[in-house]
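Since the structure comes first, as structure tokens, the remarks are kept for the end.
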There are 2 protein chains.
Amino acid sequence: MEKNDRLAERNRGFFRAKKLLVLNVVSSPGSGKTTFIRETAAKLGAKLRVGVIVGDLATDNDAAKLRTAGIPVVQITTGTVCHLDAEMVSKAAAQLDLDKLDVLVIENVGNLVCPAEYDLGEDLRVVLLSTTEGEDKPLKYPPMFHSANVAVVTKSDLASAAGFDREQALANLRRVSHHAEVFELSAKTGEGMAAWVDFLTKQRGAVNGK
Amino acid sequence: MEKNDRLAERNRGFFRAKKLLVLNVVSSPGSGKTTFIRETAAKLGAKLRVGVIVGDLATDNDAAKLRTAGIPVVQITTGTVCHLDAEMVSKAAAQLDLDKLDVLVIENVGNLVCPAEYDLGEDLRVVLLSTTEGEDKPLKYPPMFHSANVAVVTKSDLASAAGFDREQALANLRRVSHHAEVFELSAKTGEGMAAWVDFLTKQRGAVNGK
């Protein structure tokens, strides 16, 4: 763990020198990470170029989906390991042409527990909470939600069908992720994506100024 | 791990002597484990008495929900540990009046990775896949889906809103969980619960005959 923390800081320094804004996107399986990342890249368009590192136990389905959308992507297959670590990210990043990117998105393994303890060298840890998972998740997985800089409520288009209690969810997020920026959106319909993309653009500006 | 496997077999022997059918219910966070267990207990009613051991990193929300429904329940709070183990289950089971139960349901921590490697001494490992998570989960989390004896597709009432590809999901389950019994249901609406409850009743009969 100590070793991972050191390698993560090395990644952080490397990414800073490359003027990359780096996101570590974490969530339960099926919260919509891949669609969220694909639509974020599409909305940023030519303004900010996005590359992705995808972690999965098995399959390169997500990587294939992103590649089809024209996004440079590297797949990490972890086998039985429940999280990415800084060394995996460092090796995967070497396979991307980082000088042609502005934003590097790391799609972590779908897991609300293990990735919480592994710094990857990101600028922002972004935790997704889909409306279909229920509003209690921040309280039940506090290490992950507490460690996040940004919390994104996804699948807002399904909130009503799923009986999602929005007020309770936001209250739970305020309680556990009190320092986090919160966004609510549907990557599928595009609702709420503009505010998120504006935020990212500003964040990238801040990194670029360093 | 070796130690866990031995303790799990001790649990298995103990539960068998008590003529209990023991289920280890695993899934992503938010797949509907608690509602599924509560409705299963309600449908089994007075015919088969159900007790529950609930694992969570934090909070006793799920235990409280089950207790409110009149179900005997013991909470295990794991802190940062991403799975239950055989020793935790053994200690928790000692807090239940097992002679008054026919079915013991262990609700594992919401995680599609870590619990796969930990035998708890269950008769059946039951993996839940909610329609809102997407049909690709069996391919992306093969150790868990492969280790399951039963796969339950939950939240069938949301399938259409979520754009769930049922045929693809069943094909993926057949590929990874080829030996597993598959059920499709909505604990919320009750659709499909009868077949699942019939199956459980037969399984408990088989355990009782041993």
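Derivation of every value follows stated rules applied to the coordinates shown; laboratory data play no part. The structure presented is a predicted model; accordingly, all values stated were derived computationally and were not measured. Ideal geometry is used to build each Cβ from the backbone, glycine not excepted, and the neighbour counts take in all protein chains shown.
Taking every residue in B:52-60 and counting other chain Cβ atoms within 10 Å of its Cβ, the average works out to 3.
Using a 10 Å cut-off around each Cβ, can you sort B:Leu128, A:Leu20 from fewest to most neighbouring Cβ atoms? Present the calculation step by step, with values, prior to reporting the outcome.
Details: B:Leu128 26, A:Leu20 22.
Listed from fewest to most nearby Cβ atoms, that is A:Leu20, B:Leu128.
All other residues whose Cβ lies under 12 angstrom from that of B:Thr201 are scored, Lys and Arg at +1 and Asp and Glu at -1, for a net of +2. When only Cα pairs below 8 angstrom with a gap of at least 6 residues are kept, the stretch B:19-141 shows a relative contact order of 43 percent. Across the alpha-carbon atoms of the stretch B:118-164, the computed radius of gyration and Dmax are 12.0, 38 angstrom. From least to most packed, judged by other beta carbons within 10 angstrom and beginning with the fewest, B:Tyr141, A:Tyr118 follow the order A:Tyr118, B:Tyr141.
Kirkwood Rh over Cα pairs of the protein assembly as shown into Stokes-Einstein at 37 °C, 0.692 mPa s: D in µm²/s?
149
One quarter of the surface of the convex hull around the alpha-carbon atoms of the stretch A:67-141 equals 6.5 nm², the direction-averaged projected area.
Calculated mean residue ellipticity at 222 nm for the protein assembly as shown: -11500 deg cm²/dmol, from DSSP H runs with n ≥ 4 weighted as -39500 (n - 2.57), summed, divided by the residue count and rounded to 500. Put simply, the stretch B:62-199 fits an ellipsoid with semi-axes of 27, 18, 14 Å; these come from the alpha carbon gyration tensor as the roots of five times its eigenvalues, largest first. Distances, shortest first, from the label point of B:Met1 to those at the same position in the other copies read 2.1 nm; the point lies 7 Å along Cα to C-beta.
Karplus-based coupling profile of the stretch A:25-30, in residue order and whole Hz: 9, 10, 5, 4, x, x, with θ = phi - 60° in 6.51 cos²θ - 1.76 cosθ + 1.60 and x standing for Gly or Pro.
Rounded to the nearest 20 debye, the dipole magnitude of the protein assembly as shown is 60 debye, with +1 charges on Lys and Arg beta carbons, -1 on Asp and Glu beta carbons, and the Cα centre as origin. Contact order for chain A, expressed relative to its length and based on alpha carbon pairs under 8 Å spaced 6+ residues apart, stands at 26 percent. For peptide A:157-163, the mean count of partner chain Cβ atoms within 10 Å of a residue's Cβ comes to 4.
Shape call for the stretch A:1-63 from the C-alpha gyration tensor, a ≥ b ≥ c root eigenvalues: rounded (a/c under 1.5), prolate (a/b greater than b/c) or oblate?
Values: a/c = 2.46, a/b = 1.20, b/c = 2.06.
Note, shape of the stretch A:1-63 comes out oblate.
3J(HN,Hα) along the stretch A:96-109: 9, 7, 5, 5, 9, 10, 10, 10, 10, 9, 9, 8, 6, 4 Hz, from the Karplus curve 6.51 cos²θ - 1.76 cosθ + 1.60 with θ = phi - 60°, whole Hz, x for Gly and Pro.
Within a 10 angstrom radius of the beta carbon, how do A:His146, A:His83, B:His178 rank from fewest other beta carbons to most?
Working: A:His146 16, A:His83 21, B:His178 9.
Placing the least packed residue first, the sequence is B:His178, A:His146, A:His83.
Taking A:Ala63, A:Ala46, A:Ala187 as the candidate residues, the one with maximal mean-square fluctuation in a Gaussian network model of chain A, Cα springs under 10 Å, is A:Ala46. With contacts taken as Cα pairs under 8 Å at a separation of at least 6 residues, the stretch B:74-132 carries a relative contact order of 44 percent. Centroid-to-centroid, using Cα positions, the stretch A:121-135 and the stretch B:188-210 are 36 Å apart. Based on the alpha-carbon gyration tensor of the stretch A:49-97 and its eigenvalue square roots a ≥ b ≥ c, which shape applies: rounded if a/c is under 1.5, prolate if not and a/b is larger than b/c, or oblate? It comes out oblate by the Cα gyration axes. Cross-link list A:Lys202/B:Lys188; A:Lys19/A:Lys140; B:Lys65/B:Lys202: which exceed 31 angstrom alpha carbon to alpha carbon? With Cα atoms farther than 31 Å apart: A:Lys202/B:Lys188; A:Lys19/A:Lys140. Between the stretch A:146-178 and the stretch A:16-40, the alpha-carbon centres lie 18 Å apart.
Per-residue shielding of B:132-139, expressed as the average number of other chain Cβ atoms within 10 Å of the residue Cβ, stands at 6.
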